[in-house]
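Structure record follows, encoded as structure tokens.
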Amino acid sequence: MKNKPFLTSKQEKVLNFIRQRIGERLPPTIREIGEELGFKSTGTVRDYLKALMQKGLVRRMNNKSRAIELTERASFNKIPIIGTIMAGKPNLAYEEIQGYVDADDLFLGRLGFDDVFALRVKGDSMIDAGILDGDVAIIKKRPNADNSDIVAALLDNNEVTLKRLRSKAGKFHLEAANTNYPPIFEEFKVIGKLITVIRKY
């Protein structure tokens, strides 16, 4: 794992604001960074951005106003939220990074960051398991799971859903944690096992 570059407290605040806005899918402009952090001059913001660029944490395209991007290094200790997973009717989970989960929010034990990914939950089919719409599900990548585990499953039509794995007469199916949703008996493939859920209030 790469060493985390040293940042001053102000540089950390600038970087965290950029992370937050990119997580909201709207990269900030230089003026917005200045307003958020109380910088009187856009030149000051440019100085901080230059320092973050020199440390390999951000990059900019000069021909766009919202052209600030995070580099992979800026995602140090971050787990990418790669899409939305339906906890309702199954739906496609697009592999498009929608933000990051800070590792400080988790206890991952011996897991490395290549072993896990995050999906934002949409729907109410898992409410009786304490999983709500808007939660972020942290999934351990694995091709199998045990009976009663909550899994991310890929259906035949490339749709992904979050359900409990159940075994009946030696055959597995998927089960919601909400009596309003019927079990799923169609073919599926386990792509990961739920290890924790993060909820922001």
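The values are calculated or read from the model by the stated rules, or taken from the named source; none is laboratory data. Quick caveat: nothing in here was measured; it's all calculated off a predicted structure. Cβ: placed from backbone, ideal geometry, glycine included. Neighbour counts: every protein chain shown.
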On the basis of being touching a residue at least 24 places away in the same chain (Cβ under 8 Å) and among the aliphatic types (A, V, I, L, M), does ALA152 make the cut?
yes
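Here's the yes/no breakdown for (1) in a strand (DSSP E or B); (2) of a type outside the set (A, V, I, L, M); (3) modelled with pLDDT of 60 or more:
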position	(1), (2), (3)
PHE17	no, yes, yes
ASP47	no, yes, yes
ASN62	no, yes, yes
GLU69	yes, yes, yes
ALA93	no, no, no
Answer yes if at least one residue in the stretch 154-166 is modelled with pLDDT under 95 and in contact with a His (Cβ under 9 Å, 6 or more places away or on another chain), and no otherwise.
no
What's the number of the only condition in (1) modelled with pLDDT of 90 or more; (2) surrounded by fewer than 20 Cβ atoms within 10 Å (Cβ to Cβ); (3) at negative phi that SER148 fails to meet?
(3)
Please go through the stretch 4-38 and give me each residue that is touching a Phe, Trp or Tyr at 6+ places or on another chain (Cβ under 8 Å), of a type in the set (A, V, I, L, M, F, W, C) and crowded, with 19+ Cβ neighbours inside 10 Å, ordered by number.
VAL14, ILE33
